[in-house]
Amino acid sequence: MDIPWWRDAVVYEIYVRSFADASGDGVGDLAGIRERLPYLRRLGVDAIWLTPFYPSPMADGGYDVADYRGVDPMFGSLDDFDALVTQAHELGLRVLVDVVPNHSSSAHPWFQEALRGVGRDRYIFRDHTNNWKSTFSGPAWTQTPDGQYYLHLFAPEQPDFNWRNREVHEEFLDVLRFWLERGVDGFRIDVAMGLYKAEGLPDVGDQSFTSVSPVWGQPEVHGVYREWRRLLDSYPGERMAVGEVWTDDAEDLARYVRPDELHQSFNFAWLEAPWSATAFRKVIDDTLAAVPYATWVLSNHDVVRHRTRYGTDDPGAGLARARAALLTMLALPGSAYLYQGEELGLPEVTDLPDDARQDPIFFRSKGELPGRDGCRVPIPWTVDPPSHEFSPGGVEPWLPQPESFAELSVEKQEGVADSTLEFYRRALALRRALAGEIPYTLEWLDSPEGVLFFTRGPLICALNCGTGPVHLPEHTEVLLTSGPLKRGLLPQDTAVWLRHAS
Ligand code: NOJ
């Protein structure tokens, strides 16, 4: 059987607002992305995933969509989108776009009609509320002037659709067709385990993402993905879908990744694992046992960047661990999702001034939670202030960049042998070169405590999460290390790829 392109693909997430600004308004846009496509090609990724660029009041960074078939003028036009897809394809890069089916913006024409009493059944309106909470803090219900309440599992500006209404299905099938016709290679599905809520909307004790509950993971949602899969399969060129499914249970995840459903689901258990060989090994074993096609991800636009997460107990170790985790991830069977800026070793920006913050989580929690702006700070392309050429000329970016970004800029790292950028380029190039030799399977080798050794055909990967250096497993060649070896030993917080005679 031919291997589908997405099985081992490295997909690069572009948070559109923060990648590159060509128009000079301080906000990233589609034309900016186009200019930087050669950078991504050179980095060595296979595909890009664009976060929402659709018309939106931006109550949640564009995850509040007012028109599912357009481009917000802030980000460009449909012509810009078409040009981006064409140019990406010419460079051999596939393009995934975000689809946001759990909720629309409150500015969407359907919701505006619903407020006027027309077509309320497309959303979830009730005379009485239940005890559900918004994921962004506060109640999940907002009252309308005529006394009814509507459900929003996120911000009040994001009313949840009623997927028990067939019209909602037809609308989204049509939205998918719209983008498929424009040449997209697939979709990232926002809140893929949401969509259906339990009949009767019963009160809940625990609303966390980690299990099937009246709020998340209702079985009916699988019918939606079966319909979507049939649609995707009716187009040529292996169009695919990856679901945003938050669960720490690999069996739960596997329910979405089936031959007649989604091609992939994000594996957030990998991202949530602490810096621990035991924890990493458990996630790897559980994942490979449960899903036919694995994915791995360390960072995205919703979580604290992994350099900072891994440095919580020891800030100096964050970058070394981030690089080691990346090398390990790229050695695992399946597809890997990267988040813009991790190839520069960007940290979470933890000291944004309150008046710069924009995430609704910060506002709805009344400042108790910092929100997600710290991982969304625009990319530093050069050392130059004020925006490191994220925006042209003297324009300030929509979120301020810290001083440390100059040293981490692309310009500063380009061509510097031990920089994180060059390390990513080498790792991705090597992964590509080895692809034909490596089986999908993985075997564990005996290793000291706190250390993982695994092999896939001629490749061995070793990761040291322990407290001191260890001997390398038997090998014929050192292919790549995430940091220097010390007298032939693998230091702590370091990973290595080795070749062995097979
Ligand atoms: C997940 C998205 O990644 C996040 O940014 C957004 O706030 C929520 N879904 C709601 O759409």
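The values are calculated or read from the model by the stated rules, or taken from the named source; none is laboratory data. A quick note: this is a predicted structure, and the numbers were derived from the prediction, not measured. Using ideal geometry, Cβ is built from the backbone for each residue, glycine included, and neighbour counts are taken over all protein chains shown.
Quick notes on this structure:
- Here Thr312 clears all of (1) surrounded by fewer than 21 Cβ atoms within 10 Å (Cβ to Cβ); (2) in contact with a strand residue (DSSP E or B) (Cβ under 9 Å, 6 or more places away or on another chain); (3) hydroxyl-bearing (Ser, Thr, Tyr) except the condition numbered (2).
- Just one of the listed residues (Tyr256, Tyr235) is closer than 27 Å to Leu93 by Cβ, surrounded by fewer than 20 Cβ atoms within 10 Å (Cβ to Cβ) and more than 15 Å from the ligand (Cβ to nearest atom), namely Tyr235.
- The set of residues in region 364-391 being modelled with pLDDT under 95 and assigned to a helix (DSSP H, G or I) consists of Arg364 alone.
- If you go through region 258-279 and keep only what is hydroxyl-bearing (Ser, Thr, Tyr) and part of a loop (DSSP other than H, G, I, E, B), you end up with just Ser276.
- Residue check for Ala294: small (Gly, Ala, Ser), crowded, with 22+ Cβ neighbours inside 10 Å and over 30 Å from Asp260 (Cα atoms): no
- Hits in region 199-212 (condition: over 30 Å from Arg7 (Cα atoms) and surrounded by 16 or more Cβ atoms within 10 Å (Cβ to Cβ)): Leu201, Val204, Gln207
- When we screen Leu480, Leu399 for residues that are aliphatic (A, V, I, L, M) and closer than 21 Å to Pro347 by Cα, the only hit is Leu399.
- Restricting attention to region 64-79, the residues that are more than 16 Å from the ligand (Cβ to nearest atom) and closer than 14 Å to Leu180 by Cα total 3.
- Close pairs (7 angstrom Cβ cut-off, 6 or more residues apart or separate chains): more than 14 Å from Leu319 (Cβ to Cβ) in region 476-494, of a type in the set (Lys, Arg) and surrounded by 11 or more Cβ atoms within 10 Å (Cβ to Cβ) anywhere: Thr476/Arg499; Glu477/Arg499; Leu479/Arg499; Leu480/Arg426
- Residues in region 85-105 that are more than 13 Å from the ligand (Cβ to nearest atom) and of a type outside the set (D, E, K, R): Val85, Thr86, Gln87, Ala88, His89, Leu91, Gly92, Leu93, Val95, Leu96, Val97.
- Residues satisfying the stated conditions in region 141-161, i.e. free of Cβ contacts under 8 Å to residues at least 40 places away in the same chain and either within 14 Å of the ligand (Cβ to nearest atom) or surrounded by fewer than 20 Cβ atoms within 10 Å (Cβ to Cβ) (or both): Thr142, Gln143, Thr144, Pro145, Asp146, Gly147, Gln148, Tyr149
- Close pairs (6 angstrom Cβ cut-off, 6 or more residues apart or separate chains): within 16 Å of the ligand (Cβ to nearest atom) in region 122-140, among the hydroxyl-bearing types (Ser, Thr, Tyr) anywhere: Tyr123/Tyr150; Ser137/Ser365; Ala140/Ser134
- When the test is whether a residue is closer than 30 Å to Pro236 by Cβ, touching a Lys or Arg at 6+ places or on another chain (Cβ under 8 Å), within 13 Å of the ligand (Cβ to nearest atom) and modelled with pLDDT of 95 or more, Asp82 does not pass it.
- Every residue from region 169-195 that is out of contact with any Lys or Arg (no Cβ under 7 Å at 6 or more places or on another chain) and aromatic (Phe, Trp, Tyr): Phe172, Trp179, Phe187
- For region 138-148, the condition holds for at least one residue, the condition being that it is assigned to a loop (DSSP other than H, G, I, E, B), at pLDDT below 95 and not hydrophobic (A, V, I, L, M, F, W, C).
- Annotation: Glu407 fulfils all but one of (1) part of a helix (DSSP H, G or I); (2) surrounded by 15 or more Cβ atoms within 10 Å (Cβ to Cβ); (3) not hydrophobic (A, V, I, L, M, F, W, C); the unmet one is (2).
- Looking across Asp248, Asp185, Asp174, Asp252, one residue alone is under 21 Å from the mean Cα position of the chain (by Cα) and under 22 Å from Trp49 (Cβ atoms). It is Asp185.
- Counted residues, region 176-195 - those being within 16 Å of the ligand (Cβ to nearest atom) and either among the hydrophobic types (A, V, I, L, M, F, W, C) or assigned to a loop (DSSP other than H, G, I, E, B) (or both): 8
- Candidate set: region 106-121, residues that are within 16 Å of the ligand (Cβ to nearest atom) and crowded, with 19+ Cβ neighbours inside 10 Å; chosen: the one nearest to Leu30 (Cα to Cα): His108
- Taken together, Ala325, Ala317, Ala356 contain a single residue that is at pLDDT 95 or above and buried (at least 21 other Cβ atoms within 10 Å of the Cβ), which is Ala325.
- Considering the conditions (1) out of contact with any helix residue (DSSP H, G or I) (no Cβ under 6 Å at 6 or more places or on another chain); (2) buried (at least 18 other Cβ atoms within 10 Å of the Cβ); (3) outside any helix (DSSP H, G or I); (4) at pLDDT 95 or above, Arg164 is excluded by exactly one of them, (2).
- Counting only strands (runs of 3 or more DSSP E) wholly contained in region 448-502, the ones carrying 1 or more residues that are aromatic (Phe, Trp, Tyr) and touching a Leu at 6+ places or on another chain (Cβ under 6 Å) occupy 451-456, 494-499.
- Boolean, Phe209 is at pLDDT below 95 and more than 20 Å from Met58 (Cα to Cα): yes
- Those residues of region 107-137 which are over 22 Å from Ala198 (Cβ atoms) and either at pLDDT below 95 or among the charged types (D, E, K, R) (or both), in sequence order: Glu113, Arg116, Ser137
- Of all residues in region 322-345, none that is farther than 15 Å from Arg426 by Cα has its Cβ atom under 9 Å from the Cβ atom of a residue that is modelled with pLDDT under 95 and polar (S, T, N, Q), 6 or more apart or on another chain.
Let's see how each residue does on (1) at positive phi; (2) in contact with a Phe, Trp or Tyr (Cβ under 8 Å, 6 or more places away or on another chain):
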residue: Pro101; (1), (2): no, yes
residue: Pro109; (1), (2): no, no
residue: Leu115; (1), (2): no, no
residue: Ser137; (1), (2): yes, no
residue: Glu157; (1), (2): no, no
residue: Trp163; (1), (2): no, yes
